[in-house]
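**Q** Below you'll find the structure I mean.
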Amino acid sequence: MSYLTDIMKNRQNIQFFKKEAPDRQVIDDILRRAHQLVPHKNNFWYYKIRVYGPEHEEEKKLIAMASVTNDRFKNGTAEDMEKLAQIYHTWTTDRTRKTLKVEGCNFNMQVTAPYLLVYTHQSDFMTETQKESDYNKSGNQKKSFTKNTNSIHSTDWVTQAAMHGISTAYMCAEQGLHASFCKCYFYNEHIKTDILREGENTAFMLGIGYKDETKNYYPSPVTKPAYEEIVEWK
């Protein structure tokens, strides 16, 4: 089996991370390599990544609350958020309970990982480095950028972000780290945090750290489709 296949097999989406944080330099090195190696059409980026390290632990708890797997809180009032906070506290601290959920609620705790990457949409986005390049000053880059911006589909930026995200996850696996995706969360004005901002379009979040082996993990209840149902040879 190839080294790449081994890395792909080792990559898992997990729910729980240890509080122990990997060295910041290790994470930065991974992100720098991903930045250099992941391809983007014509070198135009239509997304940005905000990285929240271990010092943002309290904000991440709020995002974990907003990741609750129960839609009744999505448009909740301030009182609803207080109730949600109580449920979250019970869910995360009461280890004597016999059920997986508390009042029908489960939480995507991967957003509390030591490092959390937030992939956000940036439309019409040309960086300062690109603006100062000779190619741009010649007028050629601006023409190409405008052409791409006008023709790009609304979902193309998610494709770009996903390519970066899975590549980063594989690089993490290479370093003995886990990188776990989360798309299930909501914005609510009564949960104040810089991580999830009003009106901002996020593709997903990616938590990075060490897997907490003391927790129980459950396989997806959804059956994986057969290879022949997805791949059609013509």
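Every read-out reported here was derived from the displayed coordinates using simple, explicitly stated rules and does not represent laboratory data. Fair warning: this is a prediction, and the values are worked out from it, not measured in the lab. When we count neighbours, we look across all protein chains shown, and the Cβ atoms used for this are built from the backbone with ideal geometry, even at glycine.
**Q** Taking a 30 Å limit on the Cα-Cα distance, which of the listed pairs Lys183/Lys211; Lys41/Lys211; Lys211/Lys234 fall beyond it?
**A** On the way: Lys183/Lys211 19 Å; Lys41/Lys211 34 Å; Lys211/Lys234 42 Å.
Pairs exceeding 30 Å: Lys41/Lys211; Lys211/Lys234.
**Q** When the Karplus curve 6.51 cos²θ - 1.76 cosθ + 1.60 is applied with θ = phi - 60°, which whole-Hz ³J(HN,Hα) does each residue of the range 28-40 get, with x for Gly and Pro?
**A** 3J(HN,Hα) across the range 28-40, in whole Hz: 4, 4, 4, 5, 5, 5, 4, 4, 7, 9, 6, x, 9.
**Q** Continuing with this model, one more query. Testing the spin-label approximation: label points 7 Å from Cα along Cα→Cβ at His35 and Ser220. State their distance in nm.
**A** Each label point lies 7 Å from its Cα, and together they span 3.1 nm.
**Q** If you don't mind, there's one more thing I want to ask. Could you list His121, His164 so that the one with the fewest beta carbons within 10 Å of its beta carbon is first and the one with the most is last?
**A** Values: His121 17, His164 24.
Ordered by Cβ neighbours within 10 Å, fewest first: His121, His164.
**Q** On to the next question. Please turn the phi angles of the range 19-25 into ³J(HN,Hα) values with the Karplus equation 6.51 cos²θ - 1.76 cosθ + 1.60 (θ = phi - 60°), one per residue in order, whole Hz, x for glycine and proline.
**A** 6, 4, 9, x, 4, 4, 5
**Q** Expressed in nm to one decimal, what extension gain is obtained for the pair Tyr187 and Glu103 from 0.36 nm per residue of sequence separation less their Cα-Cα distance? Intermediate values should be presented prior to the final figure.
**A** Values: separation 84, 0.36 × 84 = 30.24 nm, distance 2.11 nm.
Length difference between fully extended and current span is 28.1 nm.
**Q** Let me ask something else. Between 0 and 90 degrees, rounded to the nearest ten: what's the tilt of helix 140-151 against the longest Cα principal axis of the chain?
**A** Between helix and principal axis, roughly 50 degrees.
**Q** Arranged by the count of other C-beta atoms within 10 angstrom, fewest first, what order do His89, His56 take? Please list the in-between numbers first.
**A** Working: His89 13, His56 19.
Fewest-to-most ranking of His89, His56: His89, His56.
**Q** ³J(HN,Hα) across the range 161-177 via Karplus (A = 6.51, B = -1.76, C = 1.60, θ = phi - 60°), whole Hz, x for Gly/Pro?
**A** 4, 5, 4, 5, x, 6, 5, 4, 4, 5, 5, 5, 4, 4, 9, x, 9
**Q** Gln122's amide H: which non-local residues (gap 5+, or another chain) put their own amide H closer than 5 Å, with H modeled 1.01 Å from N in plane and none for Pro or chain starts?
**A** Tyr47, Lys48
**Q** Now, a different point. To the nearest 500 deg cm²/dmol, what mean residue ellipticity at 222 nm is calculated for the chain from DSSP H runs of n ≥ 4 alone, each contributing -39,500 (n - 2.57), summed and divided by the residues? Numbers along the way, then the final one.
**A** Details: 9 runs with 90 residues, N = 234.
That comes out to -11500 deg cm²/dmol.
**Q** Tell me which of Thr90, Val222, Ala64 sits at the most positive position along the dipole axis of the chain, charges placed on C-beta atoms (Lys, Arg +1; Asp, Glu -1).
**A** Val222
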